[in-house]
Amino acid sequence: MMNGRGKSDAAIVAEKPANNAEPSAAEPVEPRAATKGNVGQQSTCRTQDRESVSQALDRIRQVARQRKKERFTSLHHHIDADLLRMAFFALKRDAAAGVDGLMWKDYEADLERKLKDLHSRVQRGAYRALPSRRQYIPKADGRQRPLAIATVASNYT
């Protein structure tokens, strides 16, 4: 939003030093809005389809694709309850149960409490994923193709 006709918007005007370097300069420095509001911004909405996108995770994906041998030491600070909720609703609702026997609809019951607990365990380093259930699918030539079936979440309380 502009401040008025012919006036600059304070949010985009760069700070320029006065002509006179002394503290009592004839021209004061134009103020500039702080960028603090953008620093914590992790997600935005795209203009076309309003789909929410996590900028931080998108940058991580980009680095992972560009530098295949890069090792990430810690990513848990990017995980929040909203991201866990979004990941849960992105799962296939009719998928087979993992080793714990838990189906999507079973985990959905009391979802907010479970997501809060899961987020807490991830943040304190107590989260441990359960192994995948192994299922073998017969192929036309008589061999079998292994299939790993993951759990919805591990050891929720």
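Nothing in this text is a laboratory measurement; each read-out follows from the coordinates by a stated rule. Keep in mind it's a predicted model, so treat the numbers as computed, not measured.
Key figures for this structure:
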item	result
Segment 77-157, relative contact order [Cα under 8 Å, separation at least 6], %	33
Equivalent ellipsoid semi-axes, segment 65-157, via Cα gyration tensor eigenvalues times 5, rooted, Å	27, 21, 12
Length released on extending from THR73 to LYS105, taking residue separation times 0.36 nm less the Cα-Cα span	8.2 nm
